[in-house]
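Here's the structure, in C-alpha cells; my notes come after.
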Amino acid sequence: ASPLRDDAGEGGAVVAFSDITARKEIEQMLLAAKADAELANVAKSHFLANMSHELRTPLNAVILYSELLQEEAEDTGQTNLVADLLKIRSAGRHLLALVNGVLDLSKIEAGKMELHLERFEVAAIANEVVQAVMPAARKRGTKVTLNCDADIGSMSGDVTKVRQILLNLLANACKFTDKGVVSLTITRAPEPAMADKP
C-alpha cells in the first residue's frame, strides 16, 4: 500500500494485492514430498539392515563349513581339495564383506558408523584378497601379482573395512584390465623422525 495525498493533505492510498494461493499450495506439496522421501529413506535403511543380517547368517555357515572341510581334507590326506576349499572360504568372506558394506551404508546414513580396531597380519589379508580376485581376473586373461614381504608385520585397523577397500580396488582394476597385469604392492613406510625439541 502506498499513500497518496494532495496539497491540502487529503487523499487516499494505492493498494496492490497478490494472490499467493498457488505458491502456498506448491510449498505444501514440497513439504509433503520431503516428508515422504524421508520416510522412504528410513524404510530403505531398515530394509538394508534386515537384509544384511539375513544374508550374513548363511554366509557365515558357508565359511565355517569350508573351514571344517579343509581341516578334514588335511587330516585325511586329501590335499588336492585344500586349494579349492580355500577359494570357497575366500569367496565366502568376500561376499560377507560386500554384505557388511551394504550394512555399513545404512549405518552411514543413520550416522552410526563404528570402527572395530584390532591388530592383524598385513600379508595374510593381502594374500586373501589376491586369491579372491584371481578367478575374475583369469576370465579376462589378466594376471594378478602381489608384492608384499612375508615379514611385513601387522597393523592396527578395522580388518573388515581394510579387506573391503583392497577388494574394491583390485576388483575394479581387474574389471578394466584385459590381458594385462594388476599388481598389489604393500610396503611399510618409515615412521617420521621426531623433530628435536629446543
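Summary table below
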item: Read-out percent of Cα pairs over 32 Å apart, derived from the coordinates shown; its label in (i) 45; (ii) 6; (iii) 24; result: (i)
item: Hypothetical label at ASN127: residues of region 80-102 whose amide nitrogen lies under 20 Å (7 Å Cα-Cβ projection); result: 80-95
item: Helical mean residue ellipticity (222 nm; -39500 (n - 2.57) per DSSP H run of 4+; nearest 500) of the chain; result: -21500 deg cm²/dmol
item: Full-stretch length increase - ASP7, VAL102 - with 0.36 nm per residue and alpha-carbon distance subtracted; result: 26.4 nm
item: Theoretical gain in end-to-end length, VAL15 to VAL62 [0.36 nm per residue, Cα-Cα removed]; result: 9.1 nm
item: Accessible area expressed per residue, the chain, with surrounding protein chains retained (probe 1.4 Å, Å²); result: 72
item: Sulfur and carbon atoms: percent of accessible area, region 4-51 [1.4 Å]; result: 63
item: Residues of region 159-187 with amide N under 15 Å of the 7 Å Cα→Cβ point at LEU115; result: 159-165
item: Of ILE186, ILE63, ILE26, the one that fluctuates the most in a GNM where the chain has Cα springs shorter than 10 Å; result: ILE26
item: Cross-link pairs beyond the 31 Å C-alpha cut-off, checked among LYS44/LYS161; LYS87/LYS161; LYS34/LYS161; LYS34/LYS175; LYS44/LYS87; result: LYS34/LYS161; LYS34/LYS175; LYS44/LYS87
item: Loop-resident sites, region 1-61, for GluC sites (Glu not before Pro), counting at most 10 other Cβ within 10 Å (DSSP); result: GLU10
item: Longest site-free stretch - the chain; sites: chymotrypsin sites (Phe, Trp or Tyr not before Pro), DSSP loop, at most 16 other Cβ within 10 Å; result: 18-175
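The values are calculated or read from the model by the stated rules, or taken from the named source; none is laboratory data. Keep in mind that this is a model prediction, so the values were computed, not measured. Ideal geometry is used to build each Cβ from the backbone, glycine not excepted, and the neighbour counts take in all protein chains shown. Note: areas computed on protein heavy atoms with side chains; ligands, DNA, RNA excluded. Shrake-Rupley method; radii C 1.70, N 1.55, O 1.52, S 1.80 Å.
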